[in-house]
Amino acid sequence: MKMKMNCLVNVTGAFSIAGILWYPGTEGYVEPDCPCLAICFDNGRCQIMRHENDQNPVLIDAALSVVSIQWNHCGNMLAIAGIQKIPVQDKDINVMQFYSPFGEHLRTLKIPGKQVSALSWEGGGLKIALAIDHCIYFANIRPDYKWGYCTNTVLYAYTRPDRAEYCVVFWDIKNNEKYLKFVKSLISITTCGDFCILATKADENQLQYVLVLCNSIGTPLDPKYIDIAPLFVTMTKTQVIAASKEAFYIWQYRVDKKLTAMEINQVARTRKEGKERIYHVDDSPSGAGDGALDYAKVLQGTRDPICAITASDKTLIIGRESGTIQSYRLPNVGLIRKYILNCRPYQMSLNCKSSRVAIIDMSGLLTFFDLDTRVTDGSGSQGVGEQLKLERKDVWDMKWAKDNPDLFATMEKTKMYVFRNLDPEEPIQTSGYICNFEDLEIKSVLLDEILKNPEHPNKDCIIHFDIRSLRDAQAIVKEAGIAESSQFIEENSHPRLWRLLAETALQKLDLHTAEQAFVRYKNYQGIKFVKRLHNLQSEALRQAEVAVYFGKFEEAERMYLDMDRRDLAVDLRMKLGNGFRVVQLLQTGSGHGDDSLLEQAHNEIGEYFADRQKWANAVPYFVQGRNHERLAECYYMLEDYQALENLANSLPENNKLLPDISHKFVTVGMCEQAVAAFLKCNRPKDAVDVCVNLNQWSKAVELAKEHNMKEIGSLLARYASQLLEKNKPLDAVELYRKANYFFDAAKLMFKIADEETKKRTKPLRVKKLYVMSALLVEQYHEQIKNSQREKVKGKTSEATSAIAGLLEEDVLSTDSRLIDNAWRGAEAYHFFILAQRQLYEGYVDTAMKTALHLRDYEDIIPAVEIYSLLALCACANRAFGTCSKAFVKLESLENLNPDQKQKYEALALQIFTKHYPKDSKKSDLDGLLEEGEGKLPTCVATGRPITEYQFWMCNKCKHCVQAQEISNYNFCPLCHSSVAY
């Protein structure tokens with residue numbers, strides 16, 4: 001295939017390919033669909049493609065005569081080496097340019113020698129080898145990692161071959177715990193104080209970005225969506241500033257530290273949002289309320305793009321490619337003034353007083369600019385701002401001290417320099433990235449070592465350095481006396497040095513000096529501690545207290561025991577929460593020990609295991625500590641509900657823990673145990689509510705009656721109406737049935753059956769609905785009888801109580817159909833189905849006799865269906881007299897339209913022109929036609945009248961079956977209850 005080279009458009013003259021490299025993705029990609037195929041020509045033109053058919057490649061002009069190109073080990077940096085012509089000096093120099101896969105220029109490295117011919121990366125991407133003339137040069141590479149430091153937590157991001165997202169690690173270096181967060185299209189990590197900002201791309205298909213505010217364990221607190229690319233991000237304790245090439249966005253965030261992460265998520269929508277503003281870099285805001293979120297205005301281009309930003313609590317500095325830096329006042333965002341630099345800023349940093357800014361340019365040259373100094377130029381005009389004379393080369397990291405505006409540290413090649421008033425101390429050999437500079441101590445992290453195995457960071461990669469003044473003070477304190485140390489620290493006053501003096505004086509029990517040092521250190525707790533030591537008479541006791549102050553707990557405990565002050569040792573271990581040692585001390589000491597202390601110690605041990613979710617280990621200690629509340633929680637977490645029930649039974653009545661245990665039972669659906677616990681604490685209404693919520697309506701009604709609660713009926717009705725509104729009538733029936741409201745359930749079930757009848761639903765389903773309705777009525781009868789037996793128990797006979805029950809039914813019942821004819825609907829559809837089954841099985845005579853019963857159920861089954869079935873069965877049985885009567889009835893029905901009547905007349909004419917309308921078995925049929933069933937019971941199995949004296953009657957529905965037929969059934973043909981019932 002022929003590949004189009006976009007980078008060679010409008011290029012003339014001879015050129016050739018200098019290198020083709022395809023990053024294989026062995027260490028993952030910085031973004032999904034990241035450019036990875038680099039093609040570079042010797043004229044400096046290069047294009048980086050996502051694949052060989054990429055129609056929109058990344059284009060680069062390195063302005064070199066390219067010799068060699070190479071990807072680093074993880075594909076996030078492309079090195080291009082070649083020769084650059086300098087027209088002014090009329091000479092050539094060796095230069096190496098570094099680019100990201102998206103064409104962003106990262107850094108320029110000038111190389112010595114005459115002719116560079118090749119380059120190669122080290123396997124970890126931290127070194128690069130260059131073939132120059134007849135020598136090989138090695139250069140250390142300091143990658144611009146995505147990392148940060150906040151609240152004893154080191155954040156760093158890396159890619160995995162098996163995932164498209166960045167893996168961001170929040171490593172708590174104090175507790176050596178780490179939390180992982182996977183972030184798609186991560187752009188940068190910025191930290192300040194206790195929080196960090198993760199800048200990401202919202203969607204690959206949309207030009208929208210997200211700034212996610214997180215705490216030190218990676219919990220997202222507040223996201224902000226913006227429409228400018230956050231190429232440069234900085235943050236202060238109250239504000240986040242993100243800048244693109246032409247605009248900068250300021251978000252004044254708010255986080256309530258008293259809220260947990262879960263609570264923050266809950267109130268995130270309701271609390272007042274932080275203020276957001278956006279400005280174009282060419283604007284001159286006055287700070288008087290401008291900066292509305294008008295993206296259309298700020299997305300206009302600029303001739304002098306932004307290239308770096310930094311901020312403190314009161315000042316924002318923006319650097320531009322021309323060397324101009326703009327100073328803004330915060331938080332009102334008003335432009336103060338502009339300054340001109342001699343370089344293009346790549347990285348900037350403000351000191352703690354916002355008086356000086358440090359600038360690192362693209363070549364690693366560090367310079368300083370004093371923002372407040374007033375200077376007079378050659379013409380005599382005064383100005384503000386002066387570039388300081390100090391310059392440092394090959395600087396790749398720097399950090400100002402948080403508590404001293406004249407103190408800063410720089411990283412140059414593999415050395416760290418500390419400067420005080422622009423004077424350097426002796427260098428320290430290290431390759432660490434500076435995390436924090438405070439209290440004359442520098443904390444550094446070896447990110448290169450960590451990212452060799454990022455999933456298992458080692459605490460050895462965190463290095464602490466003391467600067468020279470602290471080291472000198474430590475040496476003087478150690479070698480000279482307290483007096484000489486005080487004089488030195490007085491001359492070099494710093495809070496950290498006063499703390500050193502105070503601690504040294506405490507160790508030597510020089511309480512007067514210690515108190516004075518704590519005063520200079522402004523440590524009120526230390527002053528209080530020294531005063532407490534003054535009140536102790538024993539020297540040994542003072543030494544023990546000092547050991548406790550310095551965290552030497554084992555030594556302090558040994559001193560207490562040597563003084564025969566076991567009580568102080570126990571008290572120390574109690575304060576430390578070491579229950580194991582407290583129990584050991586109490587059990588090994590003379591005497592029986594204090595029972596309350598033992599209980600407290602056992603509870604401490606229980607809490608130790610509970611905090612680590614070792615619930616089974618915590619249980620015996622909470623038992624010994626008699627901590628019922630935590631014991632209940634352990635049983636609940638272990639799902640040992642029998643033990644939880646035993647605990648509830650063992651508690652006295654009205655114990656404050658009983659409601660909590662009840663709620664635990666409710667969450668797992670254990671109604672009986674929850675009710676027992678609520679009743680034990682005298683809360684019957686809550687017990688009823690539990691039954692209602694868990695759908696135990698019968699228990700709810702029973703409790704309501706037992707405790708004379710009258711609202712259960714209205715509650716049932718309200719819940720049933722809700723179910724009916726949701727079109728769940730059968731659920732409403734089940735609700736009433738469980739609550740023992742059988743009559744209401746039966747009425748509702750009859751209503752459902754009638755509606756299904758009107759819908760012409762399958763007859764078998766309708767029969768089942770009518771059977772269920774009738775069974776509910778039977779349960780209602782039984783309920784009334786039982787209630788009357790209870791009322792008249794011991795006073796009257798059983799017959800009297802039965803009569804009383806029937807009388808009560810008449811009083812209560814307003815629907816005689818449900819009470820007197822509960823089985824009528826079930827009978828109708830039973831005989832309707834039975835007749836059709838008999839007809840299709842060939843028992844035509846039996847089918848006709850069964851169909852004759854249907855004449856009594858015209859109020860339930862439509863008459864047209866009854867007489868159509870009767871006519872069909874009679875015709876099949878050649879009982880044309882009965883068939884004729886059925887047709888006469890059909891033709892006389894008023895609800896038939898003329899067309900239907902005409903069809904019936906035509907069919908009758910067709911039948912009775914061939915057959916005389918007379919029954920063949922006149923003697924048998926006449927009795928049925930004239931008398932119907934008569935007084936004889938009907939067999940629900942066959943549909944025939946029962947003439948024998950012995951027959952089987954169902955105990956449920958009270959319907960009969962012939963004796964010789966019942967042996968063929970295990971269940972009643974009508975109600976389907978067991979024959980052996």
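The values are calculated or read from the model by the stated rules, or taken from the named source; none is laboratory data. Only a predicted model underlies this, so the values are computations on that prediction, with no experimental measurement involved. Here Cβ is always computed from backbone atoms with ideal geometry, including for glycine, and neighbour counts include all displayed protein chains. For the accessible areas, the whole protein counts, side chains as well, though only heavy atoms, and no ligand, DNA or RNA atoms are used. Shrake-Rupley method; radii C 1.70, N 1.55, O 1.52, S 1.80 Å.
In whole angstrom, note down how far apart the Cα centers of segment 66-108 and segment 423-456 are. Cα centroid of segment 66-108 versus Cα centroid of segment 423-456: 28 Å apart. Sorted into 20 angstrom bins from 0, the C-alpha pair distances of the chain split as 9, 24, 21, 18, 16, 10, 2, 0 percent.
Between segment 656-687 and segment 350-410, how many Å separate their Cα centres? With segment 656-687 and segment 350-410 each reduced to a Cα centre, they are spaced 70 Å.
On the chain, 48 percent of the accessible area sits on carbon and sulfur atoms, based on a 1.4 Å probe. For the residues Ser892, Ser355, Ser662, a 1.4 Å probe over the protein chains yields an accessible-area ranking, largest first, of Ser892, Ser355, Ser662.
When the square roots of the Cα gyration tensor eigenvalues are ordered a ≥ b ≥ c, the ratio a/c for segment 17-140 is 1.5 or more and a/b does not exceed b/c, which makes its shape oblate.
Can you tell me the order of 872-880, 542-550 when each peptide is scored by its average per-residue count of other Cβ atoms within 10 angstrom, highest first? List each step's numbers first, then the result.
Numbers: 872-880: 21.7, 542-550: 19.2.
The most tightly packed comes first, giving 872-880, 542-550.
Using 1/(1 + (r/R0)^6) with R0 = 51 angstrom and r between the beta carbons of Val255 and Asp689, what's the FRET efficiency to the nearest 0.05? E(calc), rounded to 0.05, equals 0.85.
What number comes out for the charge environment of Val168, summing +1 per Lys or Arg and -1 per Asp or Glu over other residues with Cβ under 13 Å away? Taking every Cβ under 13 Å from that of Val168, the sum is +4. Taking the longest Cα principal axis of the chain as reference, the axis of helix 511-521 is set at about 80 degrees. Taking the inverse of the mean reciprocal distance over all distinct Cα pairs, the Kirkwood hydrodynamic radius of segment 402-461 comes to 12.6 Å. Once the 1.4 Å probe is applied to the protein heavy atoms, segment 536-592 comes out at 59 Å² accessible per residue. In segment 469-532 the Cα-Cα distances spread across 10 Å bins starting at 0 as 26, 58, 16, 0 percent of all pairs.
Checking the cross-link pairs Lys508/Lys552; Lys389/Lys413; Lys849/Lys885 against a 19 Å limit on the alpha carbon distance flags Lys389/Lys413 as lying beyond it.
Our estimate of slack between Asn786 and Glu122, defined as 0.36 nm per intervening residue step minus the Cα-Cα distance, is 229.7 nm.
If the only charges are +1 at each Lys and Arg Cβ and -1 at each Asp and Glu Cβ, what is the size of the charge dipole of the chain around the Cα centre, to the nearest 20 debye?
Values: 120 positive and 127 negative charges, 267 e Å.
Dipole of the chain, to the nearest 20 debye: 1280 debye.
Which of Lys522/Lys575; Lys4/Lys224; Lys181/Lys393 have a Cα-Cα distance over 30 Å? Pairs exceeding 30 Å: Lys4/Lys224; Lys181/Lys393.
With a ≥ b ≥ c the root eigenvalues of the C-alpha gyration tensor of segment 536-592, is it rounded (a/c under 1.5), prolate (a/b larger than b/c) or oblate? Intermediate results must be reported in sequence, preceding the final value.
Numbers: a/c = 2.46, a/b = 1.39, b/c = 1.77.
Oblate, since a/c reaches 1.5 and b/c is not below a/b.
A simple rule links phi to the HN-Hα coupling: the Karplus curve 6.51 cos²θ - 1.76 cosθ + 1.60 with θ = phi - 60°, which for segment 477-494 gives 4, 6, 8, 9, x, 5, 4, 4, 5, 4, 5, 5, 5, 4, 6, 10, 4, 7 Hz, with x for Gly and Pro.
Please work out how much length the chain gains when fully extended from Lys338 to Ala164, using 0.36 nm per residue of separation minus the C-alpha to C-alpha distance, in nm with one decimal.
Details: separation 174, 0.36 × 174 = 62.64 nm, distance 4.25 nm.
Here the segment from Lys338 to Ala164 would lengthen by 58.4 nm.
From most to least packed by mean Cβ count within 10 Å, the peptides 151-163, 438-450 give 438-450, 151-163. Spread over its residues, the convex hull of the C-alpha atoms of segment 639-708 is 71 Å³ per residue.
Computed from Cα positions, the angle between helix 922-931 and the longest principal axis of the chain comes to roughly 70 degrees. Run through every distinct alpha carbon pair of segment 79-137 and return the Kirkwood hydrodynamic radius in angstroms, one decimal place. About 12.4 Å, per the Kirkwood formula over Cα pairs. Among 968-980, 834-846, the peptide with the highest mean count of other Cβ atoms within 10 Å heads the list, and the full ranking is 834-846, 968-980.
Taking the simple approach of a point 7 Å from Cα along Cα-to-Cβ for both Lys656 and Leu541, what is their distance in nm? So the label points at Lys656 and Leu541 sit 3.6 nm apart.
Using R₀ = 25 Å, calculate the FRET efficiency as 1/(1 + (r/R₀)^6) where r is the Cβ-Cβ separation of Lys393 and Lys91; round to 0.05. My answer for the efficiency is 0.75. Summing Cβ point charges (Lys, Arg +1; Asp, Glu -1) relative to the Cα centre of segment 17-140 gives a dipole of roughly 400 debye. Distant-in-sequence amide contacts of Gly385, defined by a placed amide H-H separation under 5 Å and a gap of 5 or more residues or a different chain, comprise Thr373, Arg374, Val375. Volume per residue of the convex hull around the Cα atoms, evaluated for segment 934-980, comes out as 72 Å³. Inter-label distance, Lys575 to Ser322: 6.4 nm, where each label sits 7 Å from its Cα along the C-beta direction. Spin-label model, Asp172 to Lys184: label points 7 Å out along the Cα-to-beta-carbon direction sit 3.0 nm apart. Here the mean projected area of the convex hull built on the C-alpha positions of segment 540-683 is 10.1 nm².
With everything on Cα atoms, drop me the angle between helix 641-650 and the longest principal axis of the chain, reported from 0 to 90° to the nearest 10. Long axis of 641-650 versus the principal axis of the chain: about 90 degrees. In whole angstrom, segment 1-90 maps to an equivalent ellipsoid with semi-axes of 24, 17, 10, each derived as √(5λ) from the alpha carbon gyration tensor and ordered largest first.
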